[in-house]
Amino acid sequence: MDNPTPIESDSALTESNVIPAEPGEDTQKISLRTYLFEILQTLILAAVMYVMIDAVIARVRVENISMLPTLHPGEFLLVNKLAYKISPMSRGDIVIFHHDEKEDYIKRLIGLPGDTIEVGDGKVSVNQQVLTEPYIAAPPSYNGVWQVPAGSVFVLGDNRNSSSDSHSWGFVSLEKLIGKALVVYWPLQNAQFLTHPNIVSAASSEGP
C-alpha cells in the first residue's frame with residue numbers, strides 16, 4: 001500500500017502566508033514627532049551652551065602693533081571674562097578693556113591700585129622694584145612717575161615706544177576691564193598660551 005502524502009497543517013499554511021503589515025499613518029506621525037523633538041532638544045542644548053560659553057569666554061582680534069612682539073595684528077585670542085571676578089589680578093597679565101564706547105584695547109597690566117610706577121633710563125619700576133621684561137620690543141624712551149589710584153590699574157603695551165597706553169592717557173578703571181587673555185588660537189602656527197611672567201618679585205603690600 002502506498003504511503004499517504006503528507007499534508008501541511010493549517011497553522012503551517014497560515015504562517016507561510018503571513019504578509020508583514022505596512023506601518024500605519026499613526027506610527028509614522030509618532031516617529032516624525034520624535035525626530036523633530038530630538039532636533040529641538042539638540043538646538044536648545046546648543047543655544048544654552050553657546051550662551052554659557054559666551055558669558056565666560058570672549059573672542060578678540062588683535063588690530064595693531066602695540067603688543068609686539070608678544071601679539072601680532074590679525075591674531076585671535078580667547079579671553080576669560082570671569083578671571084578677575086574669581087581671582088585677583090597679577091602684574092604681567094595681558095588684559096582687555098574698554099578704552100571708549102567704540103574701542104577695546106589689549107595691554108599688559110603693570111601697576112595695581114596703590115602702586116607707584118616709575119619709568120626712566122629705559123626701565124620700568126613698580127614700588128622701586130625694577131621689572132624684568134624679556135617680552136618688550138625695546139626699552140621705553142620716555143620718563144615719568146605715576147601713582148595708581150584706588151579702583152584703577154596702570155597698563156603698557158609691550159611695544160613700549162609705539163603704544164597708546166597709561167603713560168600717555170592715564171589709568172584704566174577696574175570697571176572697564178573685560179578680562180584676561182588666555183591663549184592665541186588663530187592662526188594655528190601662532191597658537192600659544194599667554195602665561196604671565198613674574199615681573200615683580202617683591203609686590204607692593206598695598207596692592208591686591
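Only the coordinates and a few stated rules stand behind these numbers; no lab work does. Here the structure is a predicted model, which means the values were calculated and not measured. Here Cβ is always computed from backbone atoms with ideal geometry, including for glycine, and neighbour counts include all displayed protein chains.
Some observations on this one:
- Number of residues in the stretch 158-192 that are within 20 Å of the chain's Cα centre (by Cα) and over 18 Å from residue 84 (Cα atoms) equals 9.
- Residue list for the stretch 140-169, restricted to those being in contact (Cβ under 8 Å) with a residue 40 or more places away in the chain, of a type in the set (Gly, Ala, Ser), within 15 Å of residue 119 (Cα to Cα) and in contact with a Gly (Cβ under 9 Å, 6 or more places away or on another chain): 163, 166
- Scanning the stretch 132-150 for residues that are surrounded by 11 or more Cβ atoms within 10 Å (Cβ to Cβ), assigned to a loop (DSSP other than H, G, I, E, B) and not hydroxyl-bearing (Ser, Thr, Tyr) returns 133, 136, 137, 138, 139, 140, 143, 148, 149.
- 3 or more residues aliphatic (A, V, I, L, M) and touching a strand residue (DSSP E or B) at 6+ places or on another chain (Cβ under 7 Å): qualifying strands (runs of 3 or more DSSP E) within the stretch 88-130: 94-98, 104-111
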